[in-house]
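A short write-up of the structure that comes next.
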Amino acid sequence: MPGGEIFVEYGNVAEVARLVKERRVAAVFVEPLQGEGGIHCATKEFLSGLRSVCDEAGALLVFDEVQCGLGRTGHLWAHEAYGVYPDIMTLAKPLAGGLPIGVVLTTEKVSSAINPGDHGSTFAGSPMVCNAALTVLNKINTPTFLSDVSKKGNYLKELLANKTKGNKHVKEIRGRGLIVGIELDMPAAGLVDACRENGVLVLTAGGGDVVRLVPPLVISMEELEFGAEVISKCLEAL
């Protein structure tokens with residue numbers, strides 16, 4: 001069979017299972033929580049289903065945690081919330097606090113099939129950046145820090161829900177920890193521009209109708225309140 005990538009609807013285990021049976025699939029890649037795709041949280045059934053499909057077919061399950069990993073969801077790794085574990089996990093910039101780094105973590109079984117030189121990375125091995133990564137990891141990987149991220153995330157969603165209540169353009173507020181999406185019934189670019197002009201930086205995601213909020217994990221409650229207030233006022237102007 002020809003190689004290449006096949007994209008499947010997020011959450012559709014049945015379609016993944018069908019494709020894995022019909023084709024020689026080497027690996028299934030998935031984000032436990034979609035970032036660019038619109039801030040969609042996976043269900044435990046979805047990830048558990050993928051784990052079973054891969055195990056039965058002898059394929060690898062790969063979690064992309066570049067955006068949702070390293071404390072972003074209130075867990076060190078996003079998949080920990082589901083109790084489903086991958087064969088390979090990818091990490092990048094957040095690990096070194098924004099400095100260029102790339103990391104691939106594997107199980108011992110996968111590692112035993114890889115020899116030195118089989119896999120390379122432009123930014124993986126710099127001593128300075130690796131030292132920064134260890135500092136970041138030691139800071140984040142504590143129960144108190146991760147608990148604070150969860151509290152801040154819940155507070156942010158509560159603030160946004162209260163301040164946007166009744167706004168006709170807001171369809172849904174979703175996410176986990178400090179990765180939150182506001183889905184609108186219209187393109188979000190206008191809101192993004194208005195927020196930037198008022199001192200708050202946000203991005204779009206999904207098909208362009210989702211405002212993506214990924215603030216620093218060390219953000220304060222007061223800063224969250226300021227951000228939610230600006231977003232609310234800018235929404236009113238749409």
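Here, each number is a calculation from the coordinates, and none is a lab measurement. All values derive from a computational prediction rather than experimental measurement. We place every Cβ from the backbone using ideal geometry, glycine too, and count neighbours over all the protein chains shown.
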Counting Lys +1, Arg +1, Asp -1, Glu -1, what net charge surrounds N198 among other residues with beta carbon under 15 Å of its beta carbon?
-3
Run the quick spin-label model on T43 and T142: label points 7 Å from Cα toward the beta carbon, then report their separation in nm to one decimal.
3.8
For region 13-140, with equal point scatterers placed on the C-alpha atoms only and solvent neglected, what are the log10 I(q)/I(0) values from the Debye formula at q = 0.11, 0.21 1/Å, to two decimals?
-0.42, -1.29
Can you tell me the FRET efficiency between K109 and V218 if r is taken as the Cβ-Cβ distance and R0 is 41 Å, rounded to the nearest 0.05?
0.65
Please arrange E56, E36 by how many other C-beta atoms lie within 10 Å of their C-beta, fewest to most.
E56, E36
Average the reciprocal distances over every distinct pair of alpha-carbons in the chain, invert the result, and give the Kirkwood radius in Å.
19.3
Among all the aspartates and glutamates, which ones have a C-alpha under 16 Å from K139's C-alpha, if same-chain residues fewer than 8 places away are not counted?
D148
To test your reading of the geometry: what angle, between 0 and 90 degrees and rounded to tens, separates the Cα axis of helix 143-163 from the longest principal axis of the chain?
50
Helix 44-57 axis, angle to the chain major axis (alpha carbon atoms, nearest 10°):
20
Which of G98, G153, G175 moves most in a GNM of the chain, Cα contacts under 10 Å?
G98
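Which order do S111, S150 fall in if you start with the one that has the fewest other Cβ atoms within 10 Å?
Values: S111 12, S150 16.
With the sparsest Cβ surroundings first, the list reads S111, S150.
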Relative packing of 76-82, 163-169, 41-47, 128-134, which averages over residues the other C-beta atoms within 10 Å, highest first:
76-82, 41-47, 128-134, 163-169
For D118, placing the label point 7 angstrom along Cα-to-beta-carbon and taking region 19-48, residues whose amide nitrogen sits under 13 Å are none
Per-residue ³J(HN,Hα) for region 191-207, Karplus 6.51 cos²θ - 1.76 cosθ + 1.60, θ = phi - 60°, Hz, x for Gly and Pro
5, 4, 5, 5, 5, 4, 5, 10, x, 10, 9, 9, 10, 9, 8, x, x
Placing +1 at every Lys and Arg Cβ and -1 at every Asp and Glu Cβ, with all other atoms neutral, what dipole size does the chain have around its Cα centre, in debye to the nearest 20?
220
With the cut-off at 29 Å, tell me which of the pairs K109/K152; K93/K157; K93/K168 have Cα atoms farther apart than that.
K109/K152; K93/K168
For region 98-112, Karplus-derived ³J(HN,Hα) couplings (6.51, -1.76, 1.60; θ = phi - 60°; whole Hz; x for glycine and proline) come out as x, 6, x, 8, x, 9, 10, 9, 9, 6, 4, 4, 5, 4, 5
Along the dipole axis of region 1-75 (charges at Cβ: +1 for Lys and Arg, -1 for Asp and Glu; origin at the Cα centre), the most positive-end residue among C41, A57, V28 is A57
Suppose R0 equals 41 Å. What FRET efficiency, 1/(1 + (r/R0)^6) with r the Cβ-Cβ distance, do N131 and K168 give to the nearest 0.05?
0.25
Full extension between R24 and L238 adds, at 0.36 nm per residue less the Cα distance, a length in nm of 72.1 nm
Working from Cα positions, state the angle (0 to 90°, nearest 10) between the long axis of helix 221-236 and the longest principal axis of the chain.
70
Show the residues, 5+ positions off or on another chain, whose built amide H is closer than 5 Å to the amide H of A27.
L60
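Among DSSP beta bridges lying fully in the chain, give the percent that are antiparallel, nearest 5.
Around 70 percent antiparallel, to the nearest 5.
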